[in-house]
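Worksheet: one structure, shown below.
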Amino acid sequence: MSTDTQDLTLVQSVRDGLYGEMDRDEAVLVLGEDVGENGGVFRATQGLIEEFPDRVIDTPLAEAGIVGTAIGMAAHGLRPVPEMQFSGFMYPAFDQLVSHAARLRTRSRGRFTCPMVVRAPYGGGIRAPEHHSESKEAFYAHEPGLKVVVPSTPADAKGLLAASIRDPDPVVFLEPKLIYRAFREPVDAECYTVPLGEAAVRREGSDVTVVTWGAMTRPTVEAAEELAPEVDAEVIDLRTLSPMDTETVVESFKRTGRAVVVHEAPKTGGLAGEVIATIQEEALLYQEAPVQRVTGFDTPFPLYALEDYYLPEPARIKDGITDACEF
């Protein structure tokens, strides 16, 4: 990386990443509802239409049409980046993603690939209605052929987005809107990539392995810091949910023998279960205690003040870590 950096929020780094890739590669284009003149509902595409007037396309309110069009563009050799205004609006496009985008390589026996990135703000924390606040990453991680990426920092957002755009296969890029503007950090001004499928250790520790991603990374690190030095927790931010970096998780668990998984999606069927199953398969004989899950609840996403109860926060995460360590 260069020494030239700028302090950006996560949403600004997404915009910076889009600009860099569009400037680098004329095949990259952006399409979606209000992405042009309006700059997107969260302004992630603000100003791009002035720089690339032929490659920023405002579309009708038709998610299936947006993603379906992007699949055709990708098969034709372009690299489209369709934006969904909120991840809860992606469901009309689900058939396009799982029936076509994810299968194009195998269906054509490698003749075609589908290099596209479906961007969507996701998760709770901004007091929005239910379809605006859901965490359904498990839907997409379950589908072979789709890659699923969730950044937790501005620097990672830019690098992971660039890597996703350059990838030959379809990527669902989920942006935690709770932290869109929550903090800033130095982000390299030049184009760079963060490899897909590699987790980041946000805090090293020896007593317990805590696995998380997205907006839950910051409260998890906060909980770990508050428990120190009595409990020395290692915090792993997966960053890419599919393909998942299980090696980093398993190697950490072999050292600690205890684990907690934190995510804001509902507990049942959530990806915490996949992490736990992997630990059981790969490192059962190292296990010292049941693996704890700190998650959202098996209910529709609540409105307004109840969000604070629904979303895992440091106190609840600390309880999960303590339960794992005191067993």
In the range 125-153, what residues are at pLDDT below 95, among the charged types (D, E, K, R) and crowded, with 22+ Cβ neighbours inside 10 Å? Glu134
Anything in the range 54-82 that is among the aliphatic types (A, V, I, L, M), crowded, with 20+ Cβ neighbours inside 10 Å and either on the phi > 0 side of the Ramachandran plot or not in a helix (DSSP H, G or I) (or both)? List them, or say none. Val56, Val81
Residue ranges of helices (runs of 4 or more DSSP H) in the range 271-327 with at least 1 members touching a helix residue (DSSP H, G or I) at 6+ places or on another chain (Cβ under 7 Å): 271-283, 314-326
Looking only at the range 209-233, count how many residues are under 16 Å from the mean Cα position of the chain (by Cα) and within 19 Å of Glu251 (Cα to Cα). 3
If you scan the range 154-180, which residues turn out to be of a type outside the set (D, E, K, R), surrounded by fewer than 21 Cβ atoms within 10 Å (Cβ to Cβ) and either over 18 Å from Tyr19 (Cβ atoms) or outside the structural domain of Met22 (by TED's automatic domain parsing) (or both)? Pro168
Quick check: anything in the range 292-311 among the charged types (D, E, K, R), modelled with pLDDT of 95 or more, under 18 Å from Trp213 (Cα atoms) and surrounded by fewer than 18 Cβ atoms within 10 Å (Cβ to Cβ)? no
Read through the list (1) part of a loop (DSSP other than H, G, I, E, B); (2) aliphatic (A, V, I, L, M); (3) under 28 Å from Asp323 (Cβ atoms), then give the number of the only condition that Val194 fails. (3)
Which of the residues spanning the range 151-170 are within 15 Å of Leu78 (Cβ to Cβ), in contact with a helix residue (DSSP H, G or I) (Cβ under 7 Å, 6 or more places away or on another chain) and not in a loop (DSSP other than H, G, I, E, B)? Ile165
Looking at the range 17-37, is at least one residue hydroxyl-bearing (Ser, Thr, Tyr) and within 27 Å of Ala155 (Cβ to Cβ)? yes
Output the number of residues of the range 91-115 satisfying the condition of being part of a loop (DSSP other than H, G, I, E, B) and farther than 25 Å from Asp25 by Cβ. 1
When you go through Val171, Val194, Val211, Val187 one by one, which is the residue that is among the aliphatic types (A, V, I, L, M), touching a strand residue (DSSP E or B) at 6+ places or on another chain (Cβ under 8 Å), at pLDDT 95 or above and under 14 Å from Leu238 (Cβ atoms)? Val211
Has the range 34-43 got at least one residue that is under 22 Å from the mean Cα position of the chain (by Cα), basic (Lys, Arg) and surrounded by fewer than 18 Cβ atoms within 10 Å (Cβ to Cβ)? yes
Residues in the range 116-144 that are of a type outside the set (D, E, K, R) and outside any loop (DSSP other than H, G, I, E, B) total 11
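The values are calculated or read from the model by the stated rules, or taken from the named source; none is laboratory data. Just so it is clear, the model here is predicted, and its values are computed rather than measured. All Cβ positions, even for glycine, are placed from backbone atoms using ideal geometry, and neighbour counts span all protein chains on display.
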